[in-house]
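Undergrad: Dropping a structure here in structure tokens format, bear with me for questions.
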Amino acid sequence: MNDKLCRKGMGQPSAMTGVGAYRPRRVVENLEIAQHFGIDQAWIESRTGIQRRRHAEPDETLVHMAAEAARKALAQARLTASDVDLILLTTTSNVRQIPALAPAVAHELGAVRAGACDIHAACAGFTYGIVQAMGVIAAGCARHVLLVAAERLSDITDPQNRDTAVLFGDGAGAAVISASEVPGFGPPVWGSDGAAEELFVLRPAVNQLTAHDPRPFIRMRGRSLTHRFGSLIPPVIQETLNVSRMTWDDVRAFVPHQANLRLIRQWSSALQLPGRVVTATAIIDDGNTSAASIPLAIDTLFSEQAVQSGDLALLFGYGVGITWAAMVARLP
């Protein structure tokens, strides 16, 4: 087993011991969206790389999808809900905000002894959650943390705005992070830039201001976000390798947030990834699933047999706010 992740003086080490995913039943192909907006479906794929995405049905609530993904992760980790000490839930699409969703997921799972709270870091929520799980375990406050990312972005996507309607999908992913004799994570590299928060916000549509539907919709300045992240990503990725004392020769997979396939490929090229490193491209079938995109992408890599248990992957979450967090992780 690769021991490059080992560090002294960092408290109890932790590792990812299980992953799970849930994808809604309804598949929305580009043709459906193209017909709605009167555009060419080829335009959608050329602009985003997305061919299809999932939209949740009414019974596929955030709690339901989160719990289904969590059960699969627990099964892989060979644990039950009663073994979980803490549940962290991250989502962008919980419009109610209060009460938090994590306690509802704990109840659904029967995790009666687990603490539970939500994380708000947008598309970086999953990697932010890993950092928090690492810290709780290092402090000796937990042995098993269940990290769940669930999104119903179709709830907050304006059906009249084609720029966002083509992008976003629904789904959930989960990971179990457990105390481990051998560290399973390298040091995280993370940060934020609150000066750019206006680039992605939730606001009611103009025609909603006097309507009975209070839901906010995504308002995004895509080009400005792309420019902001474009200058951020290469140095953050290089720093992540440096602090883990690694090169791409040590890493099997690059798993960035699945925001846009064209950008993923541009950044992979700029990073000069060697041919043996596989880049996650789950966005093709999932769309942009915000906080859930990284665990869904890991699930896809396993299903395609592109990675194996024990492989090292560089995970990079970046989202509005803006927030980012990256680390090298050993896959379960």
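Undergrad: From the C-alpha gyration tensor of the stretch 21-175, pull out the three semi-axes of the equivalent ellipsoid (sqrt of 5λ each), sorted largest to smallest, in whole Å. Each step should come with its number before you reach the end.
TA: On the way: eigenvalues 215, 41, 37 Å².
Output for the stretch 21-175: semi-axes of 33, 14, 14 Å.
Undergrad: Restricting to bridges with both residues inside the stretch 1-159, how much of the DSSP beta-bridge set is antiparallel, in percent to the nearest 5? List each step's numbers first, then the result.
TA: Working: 4 of 14 bridges.
Here the share of antiparallel DSSP bridges comes out near 30 percent.
Undergrad: Related question: Let me know the charge dipole size of the stretch 31-82 about its Cα centre in debye, to the nearest 20, where only the beta-carbon of Lys, Arg (+1) and Asp, Glu (-1) is charged.
TA: 340
Undergrad: Same structure, new question: Could you tally the net charge around PRO295, taking each other residue with its Cβ under 12 Å from the Cβ of PRO295, Lys/Arg +1 and Asp/Glu -1? Spell out each step's value before the answer.
TA: Numbers: positive: ARG23, LYS72; negative: GLU151, ASP286, ASP299.
Every neighbour counted, the sum reads -1.
Undergrad: Please go through the stretch 1-109 and write out the trypsin sites (Lys or Arg not before Pro) that DSSP classes as loop and that have at most 10 other C-beta atoms within 10 Å.
TA: For trypsin sites (Lys or Arg not before Pro) across the stretch 1-109 that sit outside H, G, I, E and B with at most 10 neighbouring Cβ atoms in 10 Å, the list reads LYS8, ARG25, ARG78, ARG96.
Undergrad: Something else now. Grab the other residues whose beta carbon is less than 13 angstrom from that of VAL63, score K and R as +1, D and E as -1, and report the net. Before the final figure, lay out the partial values.
TA: Working: positive: ARG71, ARG96, ARG152; negative: ASP59, GLU60, GLU68, GLU108, ASP118, GLU151.
Taking every Cβ under 13 Å from that of VAL63, the sum is -3.
Undergrad: Mind checking the dipole of the chain: about its Cα centre, +1 per Lys or Arg Cβ, -1 per Asp or Glu Cβ, Debye to the nearest 20? Before the final figure, lay out each step's value.
TA: Details: 30 positive and 31 negative charges, 92 e Å.
Dipole of the chain, to the nearest 20 debye: 440 debye.
Undergrad: Would you mind counting up the charge near VAL136? Only other residues with Cβ under 12 Å from its Cβ, with Lys and Arg at +1 and Asp and Glu at -1. Don't skip to the answer; put the middle values down first.
TA: Numbers: positive: ARG143; negative: ASP85.
Result for the neighbourhood of VAL136: 0.
Undergrad: Using only the Cα atoms of the stretch 108-156, build the gyration tensor, take square roots of its eigenvalues as a ≥ b ≥ c, and label the shape rounded, prolate or oblate: rounded if a/c is under 1.5, else prolate if a/b is larger than b/c, else oblate.
TA: Working: a/c = 3.31, a/b = 1.45, b/c = 2.28.
Oblate.
Undergrad: Can you tell me how much longer the chain between SER309 and ARG262 gets when fully stretched, taken as 0.36 nm per residue apart minus their C-alpha distance, in nm with one decimal?
TA: 14.1 nm
Undergrad: For the chain, what proportion of DSSP beta bridges, expressed in % and rounded to the nearest 5, is antiparallel? Can you show the working numbers first?
TA: Working: 38 of 55 bridges.
Counting only bridges with both partners in the chain, antiparallel ones make up about 70 percent.
Undergrad: Using only Cα atoms and rounding to the nearest 10 degrees, what angle (0 to 90) does helix 125-138 make with the longest principal axis of the chain?
TA: Relative to the chain, helix 125-138 is tipped by roughly 20 degrees.
Undergrad: So for the stretch 226-291, taking the charge dipole from beta-carbon charges (+1 Lys/Arg, -1 Asp/Glu), which of VAL277, PHE254, ILE233 sits furthest toward the positive end?
TA: Checked the options; the winner is ILE233.
Undergrad: Right, here's the next one. Of PHE126, PHE302, which has the most accessible area with a 1.4 Å probe, and how do the rest follow in descending order? Each step should come with its number before you reach the end.
TA: Values: PHE126 0, PHE302 55 Å².
Result of the area sort, largest leading: PHE302, PHE126.
Undergrad: Top to bottom by accessible area (1.4 Å), largest first, where do ASP249, ASP163, ASP286, ASP155 land?
TA: Numbers: ASP249 115, ASP163 65, ASP286 10, ASP155 40 Å².
Of ASP249, ASP163, ASP286, ASP155, the descending order of accessible area is ASP249, ASP163, ASP155, ASP286.
Undergrad: Using a Förster distance of 35 angstrom, determine the FRET efficiency expected from the C-beta separation of HIS107 and ALA138, and round it to 0.05. Can you show the working numbers first?
TA: Details: r = 28 Å, r/R0 = 0.79.
For HIS107 and ALA138, the calculated efficiency is 0.80.
The values are calculated or read from the model by the stated rules, or taken from the named source; none is laboratory data. Note that the structure is a prediction, hence the values are computed from the model and not measured. Neighbour counts are summed over all protein chains in view; Cβ atoms, including those assigned to glycine, are modelled from backbone coordinates with ideal geometry. Accessible surface areas use protein heavy atoms only, side chains included; no ligands, DNA or RNA. Shrake-Rupley method; radii C 1.70, N 1.55, O 1.52, S 1.80 Å.
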